Amino acid sequence: MHVKLVEEQLSALRSSLICAFNQLLDLKDLNTGVHSTRLAEWALHVAAELGLERESLADMEVAALLHDIGKIGISDAILHKPAKLTTEEYEVMKKHPEFGWAVLRQVPGMERASLMILHHHENFEGTGYPGGLKGEEIPIGSRIVSVIDAFDAMVSTRPYRQGIPIEEAVRRLVMASGRSRPSRIKGSSTVMLSNVMSTWAPSTPVMESAPLL
């Protein structure tokens, strides 16, 4: 009985920490927080379609919800810059997965989710960051976040560009299969994922007011 109570308390604490981190994202940039909440919903549906285990689904949800938590460590001048980033600024922005991993890996129970966050900007051919991982070296959770992050970026309207129609975003996802979008999530799996995204995506382009990588 005592062990069960402790487990319940730890679970409640973990949930509270996740909510607190997400609120920190909102304080830093409301649009980043909204974007992350949207990705968490989509990620769960995609992961479930791919047949991930229940424990992995929980890690997947945390990784999608907090994948941009490291942007708290990025200056507002870079994060909210309306124009294209300079090479130096982009190198700073590329640090946000490492910042997020460094924080979350210290929280018991979030070790796997933190690794998904660390590698969510890796590319299947090894040209991503921070580790330059290739193919199956990239955690499946990171691959899912990468794909839905790209999808959300395409359909979201920004001050400097109009979001594209969902059908076009799906077409680009399918075309990118096996190239830059990391997947297991390749071939027919990408088509399946694209169908899931079509089902759960908003019917009109999402309005965002801040740049997003």
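The values are calculated or read from the model by the stated rules, or taken from the named source; none is laboratory data. All figures in this text were calculated on a predicted structure; none of them were measured in a lab. Virtual Cβ from ideal backbone geometry, glycine too; neighbours counted across all protein chains shown.
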Exactly one of Glu167, Glu98, Glu61, Glu91 is out of contact with any helix residue (DSSP H, G or I) (no Cβ under 9 Å at 6 or more places or on another chain), part of a helix (DSSP H, G or I) and either under 20 Å from His35 (Cα atoms) or free of Cβ contacts under 8 Å to residues at least 12 places away in the same chain (or both), and that one is Glu91
State whether the residues of region 22-42 include one that is out of contact with any Phe, Trp or Tyr (no Cβ under 6 Å at 6 or more places or on another chain), assigned to a helix (DSSP H, G or I) and over 30 Å from Ile74 (Cβ atoms).
no
Of the residues Gly109, Gly131, Gly126, only one is assigned to a loop (DSSP other than H, G, I, E, B), within 21 Å of Ile18 (Cα to Cα) and small (Gly, Ala, Ser); which?
Gly109
Of these, Val196, Val170, Val103, Val147, which one is more than 14 Å from the chain's Cα centre (by Cα), at pLDDT 70 or above and closer than 19 Å to Glu61 by Cβ?
Val103
Checked Glu61, Glu98, Glu88 against criteria (among the acidic types (Asp, Glu), closer than 19 Å to Phe21 by Cβ and at pLDDT 95 or above); the one match is Glu98
